[in-house]
1. Could you tell me which helices of the chain pass both thresholds, a Cα extent of 24 Å or more along their own axis and a mean Kyte-Doolittle hydropathy of at least -1.0, with helices taken as whole DSSP H runs?
2. How far apart, in nm, are the 7 Å Cα→Cβ label points at residue 177 and residue 25?
3. Over the chain, with the other protein chains present, what is the accessible area per residue in square angstrom, probe 1.4 angstrom?
4. Once fully extended, how much extra length lies between residue 133 and residue 13, figured as 0.36 nm per residue of separation less the alpha-carbon to alpha-carbon distance?
5. Using a cut-off of under 12 Å, list every residue of the range 104-139 whose amide N is near the label point 7 Å from the Cα of residue 161 along the Cα-to-beta-carbon line.
6. May I ask you to compute the full-extension gain from residue 103 to residue 54, defined as 0.36 nm times their residue separation minus their alpha-carbon distance, rounded to one decimal in nm?
7. Given the C-alpha atoms of the range 183-312, compute the convex hull and give its volume per residue in Å³.
8. What is the percent carbon and sulfur in the accessible area of the chain, measuring with a 1.4 Å probe over the protein chains and ignoring ligands?
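The values are calculated or read from the model by the stated rules, or taken from the named source; none is laboratory data. All of these numbers come straight from a predicted model, not from anything done at the bench. Because the Cβ atoms are built from the backbone with ideal geometry, glycine has one as well, and the counts that use them run over all protein chains shown. For the accessible areas, the whole protein counts, side chains as well, though only heavy atoms, and no ligand, DNA or RNA atoms are used. Shrake-Rupley method; radii C 1.70, N 1.55, O 1.52, S 1.80 Å.
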Amino acid sequence: MLSFIVRRLWQMLPTMLGVVVLVFVLFNWVGGDPAYLLAGKMADTAAIENIRRQLGTDQPYYVQLGIFIGQILSFDFGNAWSTGEPVSQIIASRLGPSLTVLVPLTILETVLGIALALAIAFVRGSLTDRAVMVACTVGMSISILVYIIVFQYLFAYKLGLFPVQGWGDSLGENLLRYALLPIIIGLAVSIAPTLRLYRSFVLDEVGQDYVRTARAKGLPERRVVWVHVLRNAAIPIITHVMANLPALLIGAFLLERFFGIPGIGREVILAVERSDFPVIKAITVYVAAATMLFNLLADLLYRAVDPRVQPG
């Protein structure tokens, strides 16, 4: 197992280097000269050159690339251009609110998706199965903006059950008061595609030989589905969940924006609007690194769950 982890980490290095070079090229050659953005329209040549010296953009490209790699290794991307706040501090402060919404949402989505997929496996091909699939298709066809507007109007504005916007200082207050409606909306949006996908995973396993063998031995259908089928269907489910975790941090920007949640997704939108390159570059690199680490974790869980994979 240790050799597998070391081998995978070693394989990540060229991928990560490729991401770093791509981000560097995009922001230095395609993104334009940041000195003009910071200096403003009325700045003279001397002010622009001074900003270039401060940013290091007057150096050769290989020197700038070395500085960028050093920033990544030291977790120090300097200060945000728009606010002057350290980028590392911005990301650290925004990560908590995002996780407050995304961790409960991911857990509920996964648990409910698995439970409903297994329950539908009992009645596969029936009218109930077809009705649920039609409902999922309809749910997937509705934009998340519609969910946000309707839920905010009905549950927050008309019924007053939740605040429309806001964020507190304590985890309990945020989780039970401010994050609850965004979690419900996120669950309403994601449960339909998740259920359809997990149902296909379960039905793929239902027709396998080991399931027919288990039934031939006289095992109850409930045990066949919840024990034998679930163990093998968990393999693609784990891969799906782990692959989506980093993207959720950015993908929830609409929820964070509409509900005033100071999370990573909202910070990305603000950074793009302000052309705040240090923040965008830092989040891009961190999300890429998190994606590779979660893929490694998915492989480790895959090896632990799949009985066909030998340890070592």
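1. Span-like helices here: 2-25, 87-122, 180-206, 230-251, 277-305.
2. Between residue 177 and residue 25, the simple spin-label model gives 5.0 nm.
3. Averaged over the residues of the chain, the accessible area is 54 Å².
4. Contour length minus Cα-Cα distance gives 39.0 nm.
5. Zone members listed by number: none at all.
6. Going from the current span to full extension adds 13.7 nm.
7. 120 Å³
8. Of the solvent-accessible surface of the chain, carbon and sulfur hold 67 percent.
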